[in-house]
Every structure is written in C-alpha cells, then in structure tokens.
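Each remark here refers to the structure printed beneath this line.
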C-alpha cells in the first residue's frame, strides 16, 4: 500500500506543491502551527512555571541545594561542629550557611503604649546567621529593600522580613499580626524564650519565600548569647553545591557518613512541602488539558486547510489518478505537506521558546504575589509535544486527502459530484 | 486491439436514468488512428472514457488484446492506464505546480524509473516536440499550444499501447491545432494507435477511420482515403 515508490512519488509531489504554493497561504498555515505549538508548550509551561518559580526561589533563597535540619524531636542538630567540618570537606560543596533558629516574637511601640493598650507584636522565627556565609549561599543581601544587610560587628541590630511589617502587608487579619510604624532605625523588642532584647531595625528584606519574609535575622554570635547556646550546635545548614554537582549524590553521601542520625538531610526537592508537589502535578494536568484542546484545534485547522486544498485540487487529483499515479502516492503527498507544516511551525516555535521566551521569562519573571513566574519548558516534554503535533497533523492531513482521493476519477476530472 | 461488445453506460439522477451509450460494438486495431465524431451529447466522450478505463460501463464488455478489461480491479486499471495508455485532455490537464519536464517525467517516475532516466527521456521527448527551451516552465508560463504539446509528450513519453485524445484541439487556434494534428500524424506513422474524439471534421478526416455516434449508438463508420 504505502510502498517506497508511493512514498517517493508522494514526496516528489509534496515538495513541488509546497515550493510553488502561495506564499501567503503557506505563511498563514505555518503561523497557525506556530501558535498551536506555543499554545501546547507555553500555556502549560507558564502554569507550571508559577510554582516552579516559587520552588526555585525557595531553593535559591532558603534551602539551597541540600539542607540539613533538626530532627523532629530535637531542638538543634547535635554534633553540629563535626557535621559542618564534614560538609566543608566535601569536594562538591561551594559554600555553607549554618543557621541558629528559634521561635520568638517582636514588639513595637512599647515605649509609647499605655498599660491598657494591646501590645503591637508579631510572632516569627528568629535566625542567627553569619552574614558573609549566608550571603555566599543565598545572596539575600540583594533582596534588602530598605536600610542595609547585617555585617560583622553589628550589635543589637536586626533585619526584618517584610511580612512582619504592616506597611508591606496590605491585608488585615486577626490571624496575621504585623508591626506598625516600624522602619529603619526603629527600636523594637525581641523576645526569644525568657530573654528580651531591645534591637534596632537595620534593614528590611523583601522576599516571596515565606521562610525569609517572616524571619528576623541577626548575627549568630549575638543570637547564641540570647538562646544560651555555646556548644556550636546549629538548627539548620544550607549547602550550596558547585555547578554540575548532584544534590542527591551529596545527600546520600552525607547519610552514608551517618549525618542522618543527628539531622534530617534533604535535597531542595525533598524539602519541598507536599502541597507544592501536588500543585505542580495539578498544574501539569491543567496544562495538558489546555494543550489537548490546542492539539484538537490544530488538527481541525490542518484538516480544513488540507480538505480545502484537496477539494480545490480535486480536478488535478483526478488527472493524477487518470494518468496512473496511485492514490496512495497522492495521499502521501498530502501527508508530507502536513508534516512539513507541523515541523516548520514547530521549528520556529522551538526557536521562539528557547531563543526568546524562556530567556525573556528568566530575565523578567511574571510578578505573581507568591512567586516570580518563569516559563518551564523541559526539552523532553517539548519534543514529546512536537511529536504529538506532528502525529495529529499527519492524521488530520491524511483523512481529507483520503476522502477526496477515493472519489471517482472521472467525476474528479470533470468536476462532477 | 481494443474492442467493446454491446457496451452500455447509463447515469442515474434521482429516479431519472439517462442511457448515454446504448450497446456499442467498437474496435480499434493496433496502429490504427480512429476518430470518434458526433454532435454534443451523442456519447463520444463517454465512449472514450470507457475505452480508456477512466470510467466503468454499466454493461457490456471491453477487451484489450483479448483480455476482459472491465472486470479489472481499480488498482489493475490504474496500472493499465499508467503503462499501456496515454491521455490528451481537451484542457491539457497539466499539473500547475510542476514544470513541463516534471509533468512529463511524473508517469515515468511512477513506473519506477529513476529520476535521472525519467528526466532524460522527458527532456528528449520535449526537445523533439520543439519545447527544449520550455523544460523549466510551469504550465502557466506556456501558451495553449505549448501546453497541449507538453500534454501529448506526457501521454507518449512512456510509449503507450494506445493514445486517447479528447478533443485535443478544442481550445486551440488554427495554427496550434495544425501543429498538434501534425504530431498525431507523425505518431501514427510511427505505428502509434490513436483514438481521438473531435467535433472538427477536417481533423477527423486525418484519421484512418471515422466512427459517427448519435444518441449513444454508432450510426456509421467512414474509412478515410487519406492513406490510400
């Protein structure tokens, strides 16, 4: 049926029909294919990118590639100095940031309030960090929007996450208390356990990562004295790896070294909350649903285009059959034309996605309230969709050609119905 | 030899059945040039379509060299048309997206010839027809006479057993028509069997024999004296 001769003749006819077709018609069909391709790849890519942007931010700004944190039943990571030394000795490790972390609360306007007034407090995590090490891992100093980041030698100074301040949180809810009239230079009370310390706000950091936006940062050296920790045991260690290193391999290596007896060892993916993974799966499903609709629309478009093309060329199809060209060869010519449109449209689409859209989204992410939305277009998934598009257009091109070609040869030549 | 016995063809339109061919007994011998004439609606083109296996008769038999052609499958008929027959249509029927050379080469390629060989045969045939400088032209870039000459070259390039022509000069001026008929005569002198439908008597008289059709029946046959 589809012999090599039929394929050869089909290709011969298709190449000439494409080459000598109207430029406008060809351009229009290819334009439709480009839009379809973008619909297939970009819509789901942006949906997934919403969450992926959030995941990336958590990785970049908080967990880094691997995070070692306290066991659920412990207050800190026991044997931390040895673990830190072990991590630093690993060749894959580029930088680490050991952090002390405790729950605490902040109070503002305590000097002016009357005894009958309700205190203006905000709860949150307080983190003691080494500013240089933290910045080497997460670079959060760049996210300071007011004031400046912590430096070595700072005394009783803190950097606040912006969700702790009323001016940055436009919503008011009893479940979410914020500090009022607090800015750079304002003195506030920091309470951790039984210890209360008056500190000065040095900087305000803005982040879409809740672990940053709801935290108060101060120097680890000072924080240790507040929480009374002198043994060097920390609460978490964020580990940044050298480019090309595999977080899973590093995690497993640490576990093999026995670190998991003292702490949880997780890659940035392990540390993702399950709901985030569920959202990614849901958005993937939604994206696939939208893509499927796009695929059906593309198939119908190609069907209509090929059907009209074959219908207007019915006389010539009749002549081809009349002079002995096999119907399968003629069908193949339309199949090849469909494949050409799909591949050419996809090729331009690929160039647009990887040459322009992905870099553009990376440079200028969509500013969503909870994340910086990027375009996620993994090569394997994209090429799978190109394959789907080609198969859909192949079928959509074949059916109308088959419908026209099976009509009576003489009726086609004479234009009879 | 191509022959029909009691050939009938009718068309059904709703409840109305129109009998176009009413029991045709026709024969064309190898190397013969036969013209089929008749007034409009007489059934001459319909007869040509049956003979050339482009259409299926309602009844009767078509015999080609003694083989029953009307019982062939569509694929067998397609192969027969490709290898044994050549067609010249009234409106040239060239494929608009192919050049003159490609139009001629296409049936040769379908016969399984390589591109180089098919193009060589086609080029030589077109040059013999005086179209050597038109090889790369699309049909839209050729005059009516040139298009019909390309159509004839396409029909004969594979050396068919029978050449069928359906009013080949109908759309041409006198000068171009004469060129076409000269080609037909030359082919006939070389031994080509030709069956031509025409309504132009001067051209019909160039054939060995004229078959006159009226109301779906052969009413007379005239042997021409041209060759005698």
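When the residues of the range B:87-97 are narrowed to those that are at the interface with another protein chain (Cβ under 8 Å from one of its Cβ atoms) and under 8 Å from the mean Cα position of the chain (by Cα), which ends up surrounded by the most Cβ atoms within 10 Å (Cβ to Cβ)?
Step one: of the range B:87-97, the residues at the interface with another protein chain (Cβ under 8 Å from one of its Cβ atoms) are B:87, B:89, B:93, B:95-97.
Within this subset, residues satisfying the condition of being under 8 Å from the mean Cα position of the chain (by Cα) are B:87, B:89.
Values: B:87: 25, B:89: 21.
Here the answer is B:87.
Restricting to the range B:29-56, name every residue that is within 24 Å of residue B:66 (Cβ to Cβ), more than 13 Å from every other protein chain (Cβ to nearest Cβ) and surrounded by fewer than 22 Cβ atoms within 10 Å (Cβ to Cβ).
B:29, B:30, B:31, B:32 - these are the residues of the range B:29-56 that are within 24 Å of residue B:66 (Cβ to Cβ), more than 13 Å from every other protein chain (Cβ to nearest Cβ) and surrounded by fewer than 22 Cβ atoms within 10 Å (Cβ to Cβ).
Return the residues of the range A:284-312 that are touching a helix residue (DSSP H, G or I) at 6+ places or on another chain (Cβ under 8 Å) and within 14 Å of another protein chain (Cβ to nearest Cβ); say none if nothing qualifies.
A:309, A:310
Let me confirm something: among A:203, A:185, which residue is touching a strand residue (DSSP E or B) at 6+ places or on another chain (Cβ under 7 Å), assigned to a strand (DSSP E or B), surrounded by fewer than 21 Cβ atoms within 10 Å (Cβ to Cβ) and in the same structural domain as residue A:143 (by TED's automatic domain parsing)?
Details: A:185 fails: assigned to a strand (DSSP E or B).
Going through A:203, A:185 in turn, the sole match is A:203.
Of (1) at pLDDT 85 or above; (2) within 17 Å of residue A:309 (Cβ to Cβ), residue A:415 satisfies all except one. Which?
Here residue A:415 meets the rest and fails (1).
Exactly one of (1) under 16 Å from the mean Cα position of the chain (by Cα); (2) touching a residue at least 12 places away in the same chain (Cβ under 8 Å); (3) surrounded by fewer than 18 Cβ atoms within 10 Å (Cβ to Cβ); (4) on the phi > 0 side of the Ramachandran plot is unmet by residue B:130. Its number?
The failed condition is (1).
Out of curiosity, is residue A:17 more than 30 Å from residue A:310 (Cβ to Cβ), buried (at least 17 other Cβ atoms within 10 Å of the Cβ) and either within 14 Å of chain B (Cβ to nearest Cβ) or modelled with pLDDT under 90 (or both)? Before the answer, list the steps.
Details: more than 30 Å from residue A:310 (Cβ to Cβ): no; buried (at least 17 other Cβ atoms within 10 Å of the Cβ): yes; either within 14 Å of chain B (Cβ to nearest Cβ) or modelled with pLDDT under 90 (or both): yes.
Answer is no for this residue.
Check off (1) within 15 Å of residue A:5 (Cα to Cα); (2) surrounded by 24 or more Cβ atoms within 10 Å (Cβ to Cβ); (3) within 13 Å of chain B (Cβ to nearest Cβ) for residue A:317 and give me the number that stays unchecked.
The failed condition is (1).
Look at the range A:209-228 and say how many of its residues are farther than 14 Å from residue A:104 by Cβ and surrounded by 19 or more Cβ atoms within 10 Å (Cβ to Cβ).
Residues meeting the conditions: 5.
If residue A:371 passes every condition in (1) touching a helix residue (DSSP H, G or I) at 6+ places or on another chain (Cβ under 7 Å); (2) away from chain B (no Cβ under 14 Å); (3) surrounded by fewer than 18 Cβ atoms within 10 Å (Cβ to Cβ) but one, which one does it miss?
The number of the failed condition is (3).
Of the residues that sit in the range A:21-35 and are more than 14 Å from residue A:339 (Cα to Cα) and surrounded by 14 or more Cβ atoms within 10 Å (Cβ to Cβ), which one is farthest from the other protein chains (Cβ to nearest Cβ)? So that I can check it myself, show each step before the final result.
The first filter runs over the range A:21-35 and keeps only residues more than 14 Å from residue A:339 (Cα to Cα), leaving A:21-25, A:27-28, A:31, A:35.
Next, only the ones that are surrounded by 14 or more Cβ atoms within 10 Å (Cβ to Cβ) stay: A:21, A:35.
Working: A:21: 7, A:35: 27 Å.
Of everything passing the filter in the range A:21-35, A:35 is farthest from the other protein chains (Cβ to nearest Cβ).
Could you list all residues from the range A:63-72 that are surrounded by fewer than 22 Cβ atoms within 10 Å (Cβ to Cβ) and assigned to a helix (DSSP H, G or I)?
Of all residues in the range A:63-72, those surrounded by fewer than 22 Cβ atoms within 10 Å (Cβ to Cβ) come to A:69-72.
Those that are surrounded by fewer than 22 Cβ atoms within 10 Å (Cβ to Cβ) and assigned to a helix (DSSP H, G or I): none in the range A:63-72.
The values are calculated or read from the model by the stated rules, or taken from the named source; none is laboratory data. Since the structure is predicted, the reported quantities are computational estimates derived from the model, not experimental observations. In this analysis, Cβ positions are derived from the backbone assuming ideal geometry, glycine residues included, and neighbour counts consider all displayed protein chains.
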